[in-house]
Amino acid sequence: MAWVSLVIAGLFEVVGVAMINKLHKDRSWQSMALLIAAFGASFLFLSYSMKTLPMGTTYAIWTGIGASGGAILGMIVYGESKDWKRIVFIAMVLGAAIGLKLIS
């Protein structure tokens, strides 16, 4: 259950990053509320997963999901560059997160 919680925390991290972008474009209280809720949920699920999993592994995977998810979201939703080198490095981050899961 800790691994599921960690993935959920990472997904909420991606939502939080998307809300930062939305807040820059639309300074509304709804955008701010969604940003706070997303990051709050992310920290809540991260905290739960850290009760069982090692801190270093948990943090590395959480940041990996958040960073790669934010980059992928930027490419799909916001039209950011889809250069093959960028995709390779995102795959490396995700591969490292999967590798940490496999050895933990």
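Just so you know, all these numbers are worked out from the coordinates, no wet-lab data involved. As the structure is a prediction and not an experimental result, all values here were calculated from the model. Methodologically, a virtual Cβ is constructed for each residue, glycine included, from the backbone with ideal geometry; neighbour enumeration extends over all protein chains shown.
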Report summary line: With criteria (1) surrounded by fewer than 11 Cβ atoms within 10 Å (Cβ to Cβ); (2) over 17 Å from residue 14 (Cβ atoms), residue 54 comes up short on (1)
Query - Identity of the residue in segment 24-42, surrounded by 15 or more Cβ atoms within 10 Å (Cβ to Cβ) and within 16 Å of the chain's Cα centre (by Cα), that ends up farthest from residue 96 (Cα to Cα) - result: 34
Query raised in the report: Before we move on, is residue 76 on the phi < 0 side of the Ramachandran plot and surrounded by 14 or more Cβ atoms within 10 Å (Cβ to Cβ)?
Result: no
